[in-house]
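Asks: For reference, the structure I am asking about is given below.
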Amino acid sequence: MADFLHVLSTPAGWVGILSLTLLELVLGIDNIVFITLLASRLPTGQQALARTLGLALAVITRVGLLTGISWLTRLSEPLFSVLGHDVSVHDIVLVAGGLFLMVKSTQELSRMAADPLGTQQTQVQEASLLGVIVQIPLVDIVFSLDSVVTAIGVSGVLPVMISAVILAVVIMIIASGPISRYLDSHPPLKLLAAAFLLLVGSNLVGEAFGVGVPSGYLYFTMLFAGIVMLFTVRAARTVRAQYVEQARAEAHKENAPYGDG
């Protein structure tokens, strides 16, 4: 506790916490998207609870990873070789997490194709509160491995890293609500988010075999696609509004008395 108070009492400590929090948030974009989509399968009244409890458990796993720095560094040590490629615990986690994301995102895409309106009845049948709460911290381990390693490399000061992780997760809890509502009101963006997770899952599997794409390229690509889709949705709404207004005007003319004009 004394170490935490010392960090919080110095400007350098706060600079380290804020900069590392920003880094954690950037690296956690895919995590927020997954949590948002996962919780969206629940009834509206349970979504916020699932996101909050799931991320609260995720804090425990992340802090556990940070406190086990020596154990974390051994995750990259080779366990065995397959076709000349060394396989470590880190690689196994990436493959398992990547395949899980690919399956979940494919299921989400299938649900959107079968039920584009996302009826409440379908959501209740296909998701449970406990299942969502358990899945969030488990998948967060996959997402947080690289961010935790990066945090260790950037700071190395345990109080700073733990404070940044807690602050980042609190911001994620606050931001997940508005993001969830925004995606629910914009189905095309929700479709793009599911496709983004499919891409992230494929990249995690590729990283395990040394052929992954840097995350920055993925984020920029999906950001560009999201901006283009936003303009497309806005243009489609404008055109639809114009057609509706034109139809109303024509209907008004047809129903107007002959004596008018």
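Asks: With every protein chain present, what accessible area does TYR182 have (1.4 Å probe, heavy atoms only), rounded to the nearest 10 Å²?
Replies: 100 Å²
Asks: What's the FRET efficiency of GLU77 with SER128 using the Cβ-Cβ distance as r and R₀ = 45 Å, to the nearest 0.05?
Replies: 0.75
Asks: What distance in nm separates the simple spin-label points at VAL89 and VAL170, each placed 7 Å from Cα in the Cβ direction?
Replies: Those two pseudo-labels are separated by 3.1 nm.
Asks: Mind checking the full-extension length gain between ARG181 and ALA241? Use 0.36 nm per residue of separation minus the Cα-Cα distance, one decimal, nm.
Replies: 19.3 nm
The values are calculated or read from the model by the stated rules, or taken from the named source; none is laboratory data. Because the structure is predicted, anything quoted here is derived from the model rather than measured. Cβ: placed from backbone, ideal geometry, glycine included. Neighbour counts: every protein chain shown. Areas reflect the complete protein model, heavy atoms only, side chains present, ligands, DNA and RNA absent. Shrake-Rupley method; radii C 1.70, N 1.55, O 1.52, S 1.80 Å.
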